[in-house]
Amino acid sequence: MRTYLIPALLCFSASCGTDPGGSSDSGVGDVDSGPGDIDSGQPVDAGRSDSAGDQPPHAEANGPYAGRVGIPLQVTRDGSFDPEGAFTATWDMGDGTVLGPFDTVETMDPFHTYGSTGTYTVRLTITDASGLSAEDTAAATISALASGYPNEPSGFVRFAETSLEGLPPSGTLDGAWVAWTWGSGAPRHAAVSAGDAPVSPPGVFQFTFSAGIDVGSGVAVLQGWDTSGDTDNTRYRAVYESGWFKIPSSDFETPGAGMKLLGYWGVGQAGMGTRVPAQVYSFIPGSSTFAMTEWNLSIRQQNHIARDMPQNMNTGTMIHAGQWHNYEILMILNDIGSSNGTLSVWLDGVQIHEHTDVMYRNAGNPSGFYGRRWDPIWGGIGPEVKSRDDHLWIDHIYISGQAM
Ligand SMILES: [Ca+2]
Ligand SMILES: [Ca+2]
């Protein structure tokens, strides 16, 4: 009988933790049985320890936010966390819309489109895995979508406007400065109907990114320039442009290095044949190898004289498939010998870029702005081949400025 007591006594030593407890040790005096059993107590103690140590999450709603009626506004939970890790994010947008709860990083910073102007209180609720939560609020001020050409400087003279109701030059034209034409690539361009075009429905100009094209492929070209001469046209000291664009489907298959949507202005050189290298700006959505619904909006400024900005400068602004966007650009030449040219860009009425030290021209290339060219490129690092047709619409191009 004593032999039974020996393991029981040993259980008070270091070997006790490995004792499974239970039947073999059951009996009167067995220290492993009963509520006082050291083994069975461990999970209980561990549970109490977790409960006491679980910290509530922290919510950071960021902001304040500013947006426009009808334009998706993104909110971000950046800075929110839970000490134990996992959490969900739920957004009450303040207009009766609740988004979430979201549990992945891809979904926690959602977009919302407000239907009317006002200042809304956006409330973010962060909830952790054990149900503890925290809240934070931010104001979202929603303004009316600007009409007309709100950032056109006073004193600028309109010299081109097209509602693109048909293929140029048969479409509606207004203004003597610009002749519209298009290059190779048919049938990658067309005039199509879009009843939701904001300024001049229903005719819009459609570029088609066709299935089968390789990365780096151009789509089609729409361009305009002064019709008064051929090789030494009227040049402009300053130009302002407004236009609209939309990816009409809900997403777009884009290559890894993004794509150029809107093309560029020619500037500086004399001679018609040298337009192409004189890039002033373009819009290049950020990279993805998947069909996307939204893109970072980047701008390029480069010309034959200098590249004063990074190749593709991210504006921190998003564009969205299925949504018309308005862009405005204002460019003013530098004085020869000084890097004091300006490049300003607005998206949907909100300024997203200003560059004030651009050298557009120098003594060897003294000319001004002279030509506008839209030439979307499904561009980037290959090998990638488009597997489906996608489209870009542009509409209602308006240009004004001051001749030299
Ligand atoms: Ca927690
Ligand atoms: Ca139109």
Enumerate the strands (runs of 3 or more DSSP E) found wholly within the stretch 120-183, keeping only those where 2 or more residues are at pLDDT 80 or above and more than 16 Å from ligand 1 (Cβ to nearest atom). 133-143, 157-162
Tell me the residue from Gly371, Gly382 that is touching an Asp or Glu at 6+ places or on another chain (Cβ under 9 Å), modelled with pLDDT under 75 and part of a strand (DSSP E or B), please. Gly371
Filter the stretch 54-80 down to the residues that are crowded, with 16+ Cβ neighbours inside 10 Å and without any contact (Cβ under 8 Å) to a residue 60 or more places away in the chain, then identify the one that is nearest to Trp324 (Cα to Cα). Thr76
Regarding the stretch 260-269, can at least one residue be identified that is over 24 Å from Ile329 (Cα atoms) and either at pLDDT 60 or above or charged (D, E, K, R) (or both)? no
Condition check for Gly100: more than 16 Å from ligand 1 (Cβ to nearest atom) and either in contact with a Ser or Thr (Cβ under 6 Å, 6 or more places away or on another chain) or hydroxyl-bearing (Ser, Thr, Tyr) (or both): yes
Would you be able to say whether some residue in the stretch 388-402 is of a type in the set (Val, Ile, Thr), at pLDDT below 75 and within 25 Å of Val215 (Cβ to Cβ)? no
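For every residue, the table says whether it meets (1) among the aromatic types (Phe, Trp, Tyr); (2) within 27 Å of Lys246 (Cα to Cα).
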{"position": "Glu60", "(1), (2)": "no, no"}
{"position": "Thr76", "(1), (2)": "no, yes"}
{"position": "Phe81", "(1), (2)": "yes, no"}
{"position": "Thr117", "(1), (2)": "no, yes"}
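The values are calculated or read from the model by the stated rules, or taken from the named source; none is laboratory data. Since the model is a prediction, treat every value here as computed from it, not as a measurement. Using ideal geometry, Cβ is built from the backbone for each residue, glycine included, and neighbour counts are taken over all protein chains shown.
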